[in-house]
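Q: One structure is given below, represented as structure tokens, and several questions about it will come after.
The values are calculated or read from the model by the stated rules, or taken from the named source; none is laboratory data. The model shown is predicted, which means the values in this text are computed figures rather than measured ones. Cβ sites come from the backbone with ideal geometry, for glycine too, and all protein chains shown count toward neighbours.
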Amino acid sequence: MNTDNWTDQLPKALPTSPRALLLVNRHARQGQQRLEEAIHHLETLGFNLIEESTEDPKHLSEVILRYQNQVDLVIVGGGDGTLNAAVDGLVDTKLPLGILPLGTANDLARTLGIPNSLAEACRIIAYGEQRRIDLGWVNDKHFFNVASLGLSVKITQRLTTEVKRRWGILAYAATALQVVWEARPFRAEIIINGQSIRVKTVQIAVGNGRYYGGGMAIVHDATIDDQRLDLYSIEIKHWWQIILILPAMRQGRHINSRNVRALHGQEIRVNTRKPRPINTDGEITTYTPAHFRVIPKAVTVLVPSEVNS
């Protein structure tokens, strides 16, 4: 997607009484029960709302395109999967994004400093600053946080909506522990910065933002506007070795382990002997061979004013 015509322009200020398209995933962990509360807060803050919903979040981008000439911004309520479903529509229309963290992990909100408090998140949409953030891209699919293959795919396959709704953020840790002992290494080729690296790994993750998987950090110093992708590969011989790495993943310090390879660049390719599924922002959307790249300043998001841009 060519964004050269607008990425260098300053974001336009929102009007006094902005018209907002409100999209809430009713199937998100808090979606249905918090919808009326969100509408109340936003209308009190002066927003003129067009509230739309869809049973299938995959249609969110189509809804955004349909209303692009009738609104000043898009407000999305849900988790990272819901935001990912809306991203193509945001890129195409260039409309600013307001985030209501109503999902289980809310990793993009965490990266941007947006609190889980619904009232505070609404105030950020009303009074926050507009910040241009990067997107990751893999095989024609955009992602905010991370794209990965290996262990994370198995976790995604077992993290049902019912499990997430019942256990919340603990569902990620519990499911990870269940699949770790089943980990089987696979061979892959990583091509980055003109270098080909062959690895035997249980997980390859490519991050655009900082947080993913319920608050784990891809790398300790990653930001969502650093115009780079951060890759790590977990290369262990025995399943129990990953237990030693897990605590450091909360702060992104796992890259210091001798069993973890860390790389970064603007464009990365990953090849495997047979196609392997890739998880983008918590949804399985594509397969290897994979071509990753960063798209700088691709989306405008409303964030707390104190967050450095």
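Q: Consider residue 286 against the criteria (1) crowded, with 23+ Cβ neighbours inside 10 Å; (2) touching a residue at least 60 places away in the same chain (Cβ under 8 Å); (3) closer than 30 Å to residue 77 by Cα: it satisfies all of them except one. Which criterion is unmet?
A: Result: residue 286 fails condition (1) only.
Q: Hey, does the stretch 249-258 have a residue that's closer than 19 Å to residue 209 by Cα, over 16 Å from the mean Cα position of the chain (by Cα), in contact (Cβ under 8 Å) with a residue 60 or more places away in the chain and surrounded by fewer than 18 Cβ atoms within 10 Å (Cβ to Cβ)?
A: No: the stretch 249-258 contains no residue that is closer than 19 Å to residue 209 by Cα, over 16 Å from the mean Cα position of the chain (by Cα), in contact (Cβ under 8 Å) with a residue 60 or more places away in the chain and surrounded by fewer than 18 Cβ atoms within 10 Å (Cβ to Cβ).
Q: Another question about this same structure. Could we say that residue 210 is surrounded by 16 or more Cβ atoms within 10 Å (Cβ to Cβ) and either among the charged types (D, E, K, R) or more than 23 Å from residue 103 (Cβ to Cβ) (or both) here?
A: Yes; evaluated as a whole, the condition is true for this residue.
Q: Taking the stretch 223-235 only, how many residues are surrounded by 22 or more Cβ atoms within 10 Å (Cβ to Cβ) and farther than 23 Å from residue 287 by Cβ?
A: Selection size over the stretch 223-235: 1.
The rows are residues; the columns are (1) closer than 26 Å to residue 218 by Cα; (2) modelled with pLDDT under 95; (3) buried (at least 24 other Cβ atoms within 10 Å of the Cβ).
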position: 72; (1), (2), (3): no, no, no
position: 88; (1), (2), (3): yes, no, no
position: 95; (1), (2), (3): no, no, no
position: 100; (1), (2), (3): yes, no, yes
position: 106; (1), (2), (3): yes, yes, yes
position: 129; (1), (2), (3): yes, no, no
position: 145; (1), (2), (3): yes, no, yes
position: 161; (1), (2), (3): yes, yes, no
position: 167; (1), (2), (3): yes, yes, no
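Q: Which residues, taken from the stretch 32-88, are in contact (Cβ under 8 Å) with a residue 60 or more places away in the chain and of a type in the set (Asp, Glu)?
A: Selection gives 37, 80.
Q: Here's another thing I want to ask about it. If you go through the stretch 46-64 one residue at a time, do you hit one that is in a loop (DSSP other than H, G, I, E, B), surrounded by fewer than 16 Cβ atoms within 10 Å (Cβ to Cβ), of a type outside the set (Phe, Trp, Tyr) and at pLDDT 95 or above?
A: Yes, the conditions are met somewhere in the stretch 46-64.
Q: Which of the numbered conditions does residue 200 fail, given that it passes all the others? Conditions: (1) in contact with a His (Cβ under 8 Å, 6 or more places away or on another chain); (2) farther than 16 Å from residue 294 by Cβ.
A: (1)
Q: Continuing with the same structure: Which numbered condition trips up residue 243, out of (1) under 28 Å from residue 75 (Cα atoms); (2) not in a loop (DSSP other than H, G, I, E, B)?
A: Just one mismatch for residue 243, condition (1).
Q: Another question about this same structure. Just checking, how many residues over the stretch 65-91 are assigned to a helix (DSSP H, G or I) and not charged (D, E, K, R)?
A: Matching residues across the stretch 65-91 total 12.
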